[in-house]
Amino acid sequence: MALPDHTKILVKELKGRRSICWYPSAGSDFRPLLYLSKPFYDKHEELSADKDLLPDLFIMTDFQMNEYTDCSGPGDLYYYDYMRMHHPNNFDKISKGSLRQGDILYRDRCTSITVKNTFRIFIDDIEVKKNLITFKEIPEWYGTGCCITVEVNSFGSTAQKLGKWETDIIYLYAENTAFAKQILIQNKINIDFIVRVRYGGNYGGSTNFGSWLFDLADTLNVKYYITDPINYEHDNWDTGVMEYLKKGTDTSPARPRLTSFYERQWYDNETVNWYRVER
């Protein structure tokens, strides 16, 4: 079946990349742009051996997140109101289709992410599997998004400062499993990094916990997972998702052998591990 023209543009963009990171249910969490960068890897000896494969494109998918939500503070309303008042941003323009050069996607006391260039993208026929989401309504911006070149500026303390660099983001409003099946699997797109942090417990609006992402290691040729500590014995709730992904594709789910080689605090008091897929 021929791809719609808008989808062809997206697939061409993905196939032209050297290394891709996918963050399903990303919301407004732009941490991977910092944590999966050469300046960050250069500062951490545990990561230095893997810096040649760092992504030159970050895919962020979400079902409906249309305004910035801060998750880095102690969790009280005062802190959130302070950040919103003193560090405003233009994240909401992604869903409105009005993002422009110079807009701020994220800014705090030591980091800013500024739009250098952007254009809108569309997926004309992306599915919505209602049994896989908790939201009752499909947002009007579903199936839309932006290709964005940003400048990341990390200007914190001497110990934390990373400097300035540019990178690319595709932010797309799509249900994660539909995006995996219709775009990544059916078009044989390789994904080197998968970030599974906000996914799970319905936090991202999903009825599943994202453990199916590990079953795609071979299908998507995944090399690294960035996720909370893994316990496969208790991380096996998503068999129904795999049945959907396998139907009409050549997906062969298999849990990979993973080795943890780095960890850090991601959100407040939350440990996230870097895992290498062993082959």
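The values are calculated or read from the model by the stated rules, or taken from the named source; none is laboratory data. Worth saying up front: this structure is predicted, and the values here are computed from it rather than measured. Positions of Cβ are backbone-derived with ideal geometry, glycine not excepted, and every protein chain shown enters the neighbour counts. In case anyone asks, the SASA skips ligands and DNA or RNA and just uses the protein heavy atoms, side chains included. Shrake-Rupley method; radii C 1.70, N 1.55, O 1.52, S 1.80 Å.
Just a few scattered comments:
- Filtered residues of the stretch 21-52 (kept if more than 19 Å from the chain's Cα centre (by Cα) and among the hydrophobic types (A, V, I, L, M, F, W, C)): L47, A49
- Selection status of I230, hydrophobic (A, V, I, L, M, F, W, C), at pLDDT 95 or above and not in a helix (DSSP H, G or I): no
- For F122, the stated conditions do not hold, so it cannot be described as among the aromatic types (F, W, Y), modelled with pLDDT of 95 or more and either crowded, with 16+ Cβ neighbours inside 10 Å or in contact with a helix residue (DSSP H, G or I) (Cβ under 7 Å, 6 or more places away or on another chain) (or both).
- Unmet criterion (only one of (1) open to solvent by less than 50 Å² (accessible area, probe 1.4 Å); (2) under 18 Å from the mean Cα position of the chain (by Cα); (3) modelled with pLDDT of 95 or more) for R18: (1)
- Test result for I148, of a type in the set (A, V, I, L, M), buried (at least 21 other Cβ atoms within 10 Å of the Cβ), within 21 Å of W266 (Cα to Cα) and modelled with pLDDT of 95 or more: no
- All of L105, L10 fail the test of being modelled with pLDDT of 95 or more, among the aliphatic types (A, V, I, L, M) and either crowded, with 18+ Cβ neighbours inside 10 Å or farther than 20 Å from K161 by Cα (or both), apart from L105.
Yes/no matrix, rows are residues, columns are (1) under 17 Å from N273 (Cα atoms); (2) part of a loop (DSSP other than H, G, I, E, B); (3) in contact (Cβ under 8 Å) with a residue 40 or more places away in the chain:
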position	(1), (2), (3)
K8	no, no, no
E13	no, no, yes
R17	no, yes, yes
G27	no, yes, yes
F40	yes, no, yes
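- Members of the stretch 47-63 found to be surrounded by fewer than 19 Cβ atoms within 10 Å (Cβ to Cβ) and either under 13 Å from L172 (Cβ atoms) or at pLDDT below 95 (or both), listed by number: S48, A49, D50, K51, D52, L53
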